[in-house]
Every structure is written in C-alpha cells, then in structure tokens.
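Okay, so here's the structure we're looking at.
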Amino acid sequence: MQIYLISGESIRLIDEEVNKLISKEKNVEYFDLNTVELEDILTEAQYISMFSDKRVIVVKNSFIFGSNKVSDKKMEILLKYLENPNEDTVIIFTYNDKCDTRKKITKIIKEKYKYIEIPKISYNDLIIKIRELLKKDGYTIDNDSINYIINNCLSNYDLIYNELVKLETYYNNPCKINFLDVKNIISNNIDDNNFKFIEAVINKDLKKAFKLLDELVLLRVEPISLISLLSREYRLIHCIKTLYDDKRDLVSISKELKLQAWQTDKLLKNSFRYTYDELENNIICLNECDSQMKKVYFDKATILKTYLLKMY
C-alpha cells in the first residue's frame with residue numbers, strides 16, 4: 001500500500017497508528033502541510049532513495065482532506081499523483097479532525113488506498129490506557145484519581161497524556177500516585193485555562209502563552225474564540241487607560257464599563273504595560289487574525305501563534 005490517510009480527534013492516537021505502520025522502516029521523513037507546500041512534498045515523494053529500496057513520508061496537518069476550501073491547483077497536483085504514485089515511496093497523510101468524505105481526493109484514497117479513521121476513545125478505554133501508561137513506568141493509581149483526571153481533561157486523551165507526564169515528573173520515581181497530589185497538579189478546566197492564556201498574553205509571557213495555547217487546542221477550543229477574548233481585553237484596557245488619563249476615578253470607571261472594582265483595578269494595572277499605540281496595534285492585528293481565520297484554510301492556531309510572535 002503506497003498511500004494512507006489517518007484521521008481522528010486525538011493527535012497522540014494518530015501518532016500511535018503511524019508508529020505501527022513505520023515501526024520497521026528506517027527511511028522516514030516528516031513534513032507539515034502548514035509549513036511546506038504540497039507540491040514540494042509530492043516532488044520529494046517522486047525521488048528514489050539512494051540508501052534504501054523504500055521511503056516513508058509522513059505528512060502532518062493534512063488540512064486538504066478537511067471541510068476547508070482548498071485551491072484547485074493543490075487538488076489537481078494531488079489527484080495527478082494519486083493516479084500514478086511512486087511505488088518506492090509510502091505517503092502517510094494525517095489529519096487531526098474529521099475528513100470530508102465528499103471530496104474526490106478522500107473518496108479515491110478510500111477506494112484505492114487505505115483510509116484509517118480513529119474513533120473517539122471511550123471512557124473505559126481511557127481508564128485502561130491510563131493504567132497501562134503508568135504501569136509501564138512503574139506507577140500505580142486508584143480509581144478516584146483516574147476518574148478525576150479523565151473528567152478534568154474532558155475525556156481528551158492528548159491532554160490526559162500530558163497530565164500523566166506532569167504527574168510522573170512531579171514524583172520522579174515509580175510509586176503509588178496520591179489522589180490529593182492529583183487534585184493539586186492536574187489542570188482544572190477550559191475556562192481556567194482560557195483565563196490563564198489571556199493573562200499570559202497580556203503579561204507578555206510568550207512561553208506560558210504558547211504552552212497554554214497548545215493545551216487549549218488539544219481541548220478543541222477554537223482559536224477564533226481566543227482572538228475574541230483577547231480583543232475584548234485590549235479594548236477594555238484601552239478604555240480604562242483613556243478614562244484614567246482623563247482624571248476619572250476607579251468607581252466611576254467601573255460603573256461606566258459595568259465592571260467589578262477588582263476587574264477595573266487589574267485592567268488599570270495592565271494598562272501601564274502598554275502605550276496607546278501598542279494597544280491599538282494589538283486590536284488591529286487581532287482583527288486581521290479574525291479575518292484570516294474566517295477566510296483561509298491555514299491552521300488557525302498557527303495564525304494565532306504568528307500574531308503572538310509578531311507582537312512580542
């Protein structure tokens with residue numbers, strides 16, 4: 001089989017499926033369709049390796065199989081390759097979402113090649129997975145702790161895996177995991193992470209913002225909703241900065257903007273971090289991000305990350 005398409009909600013489960021396919025292969029290359037053009041990847045796939053009879057190319061973030069609109073040129077290039085693929089190259093496309101089975105390219109892969117759709121993992125399977133992952137490293141865990149982890153990670157396997165790594169790092173040695181430690185270490189919920197992400201961006205803490213953004217993406221939080229929250233925050237900071245510079249007191253500012261006193265106080269402190277130009281520039285750039293996310297097929301999280309790098 002020369003071509004595979006693997007899709008599913010879990011990045012880690014997709015990676016596990018890919019690893020099954022490439023476990024015995026030595027010549028494996030990875031590409032990301034968000035950063036490399038499809039034409040360049042398919043050109044690479046046509047080459048014959050000098051060191052091995054067989055090559056494997058893994059193409060991550062294959063948005064061309066999703067519901068987003070893709071240019072006719074990209075479709076034509078891929079359809080042409082599907083008609084006559086290089087027999088010495090195996091291509092594994094992966095897509096962290098549901099594929100659009102109405103698209104011609106998806107139909108061809110389902111008919112002529114191999115399409116693997118990874119189903120959503122069940123609650124019971126998550127329990128088994130958690131026990132197996134911890135047991136492999138010498139840890140044991142009780143049912144209450146497992147249920148707490150699953151519920152606080154909203155049954156998201158990718159996030160659960162990250163939290164288990166965090167737990168093992170905390171203990172650093174194989175042992176029985178304590179429920180109270182689990183409660184103290186495991187991230188609480190989406191709203192909490194949303195708040196922490198906005199706070200990290202406003203504080204210009206890029207490292208923390210990127211980490212939280214990756215966790216929110218795993219939780220299937222739409223980056224466009226984060227854009228909206230950030231825009232609102234910067235607008236409020238701009239308003240409070242303007243009113244404060246006009247000699248308005250905090251009580252009247254809170255009343256006019258319908259905010260609690262503690263919110264006004266916090267926003268005012270944040271306003272001292274920015275000039276008017278910086279605030280206005282952030283608002284304009286966030287509006288541009290919002291427009292991009294609604295118009296183009298490019299990965300939305302990447303658009304948000306690009307904004308963060310550009311601004312800070």
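Just so you know, all these numbers are worked out from the coordinates, no wet-lab data involved. Here the structure is a predicted model, which is why all the values come from computation and not from measurement. Here the Cβ positions follow ideal geometry from the backbone for every residue, glycine too, while neighbour counts run over all protein chains shown.
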Exercise for the section: May I ask you to compute the full-extension gain from Y312 to L180, defined as 0.36 nm times their residue separation minus their alpha-carbon distance, rounded to one decimal in nm? Expected result: 43.8 nm
Exercise for the section: Determine one quarter of the surface area of the Cα convex hull of segment 68-174, which equals its mean projected area, and express it in nm² to one decimal. Expected result: 10.0
Completion exercise
In units of 2.2 N^0.38 Å, the Cα radius of gyration of segment 102-223 is 1.30
Exercise for the section: Please give the length that would be gained between E256 and E83 if that part of the chain were fully extended, namely 0.36 nm times their separation in residues minus their C-alpha to C-alpha distance (nm, one decimal). Expected result: 55.8 nm
Completion exercise
Given unit charges at Cβ for Lys, Arg (+) and Asp, Glu (-), the dipole magnitude of the chain about its Cα centre in debye, nearest 20, is 380
Exercise for the section: With +1 on each Lys and Arg Cβ and -1 on each Asp and Glu Cβ, and nothing else charged, work out how big the dipole of segment 48-141 is about its Cα centre, in Debye to the nearest 20. Expected result: 280
Handout entry: Cross-link partners of K135 among lysines (Cα-Cα below 28 Å; sequence separation of 8 or more within a chain)
Key = K20, K24, K120, K166, K176, K183, K211
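Any chance you could run the full-extension gain for R273 through K103? It's 0.36 nm times the residue separation minus the Cα-Cα distance, nm to one decimal.
On the way: separation 170, 0.36 × 170 = 61.20 nm, distance 4.86 nm.
So the extension gain works out to 56.3 nm.
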Fill in the blank from the handout: Any trypsin sites (Lys or Arg not before Pro) in segment 268-309 that lie in a DSSP loop and have at most 12 other Cβ atoms within 10 Å would be R273
Exercise for the section: Using a cut-off of under 20 Å, list every residue of segment 221-239 whose amide N is near the label point 7 Å from the Cα of K211 along the Cα-to-beta-carbon line. Expected result: 221
Fill in the blank from the handout: Classified through the alpha carbon gyration tensor (a ≥ b ≥ c as square roots of its eigenvalues; rounded if a/c is under 1.5, else prolate when a/b is larger than b/c, else oblate), segment 181-312 comes out oblate
Exercise for the section: First check a/c for segment 195-259, with a ≥ b ≥ c the square roots of the eigenvalues of its C-alpha gyration tensor; if it is under 1.5, answer rounded, and if not, answer prolate when a/b is larger than b/c or oblate otherwise. Expected result: prolate
Handout entry: Cα Rg over Rh - segment 1-113, Kirkwood
Key = 0.93
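With a ≥ b ≥ c taken as the square roots of the eigenvalues of the C-alpha gyration tensor of the chain, please select rounded if a/c is under 1.5 and otherwise prolate if a/b is larger than b/c or oblate if it is not?
Oblate is the answer for the chain, as a/c is 1.5 or above yet b/c matches or exceeds a/b.
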Problem - For segment 167-183 versus segment 277-297, the gap between their alpha-carbon centres in whole angstrom - result: 42
Exercise for the section: Please list 214-225, 109-120 highest first by mean number of surrounding beta-carbon atoms within 10 Å per residue. Expected result: 214-225, 109-120
Completion exercise
Which of S23, S67, S228 fluctuates most in a GNM of the chain (C-alpha springs under 10 Å)? That residue is S23
Problem - Residue among S155, S71, S271 with the largest mean-square fluctuation in a Gaussian network model of the chain, springs linking Cα atoms under 10 Å - result: S71
Exercise for the section: Give, rounded to the nearest 20 debye, the magnitude of the charge dipole that segment 26-98 has about its Cα centre when Lys and Arg contribute +1 at Cβ and Asp and Glu contribute -1 at Cβ. Expected result: 240
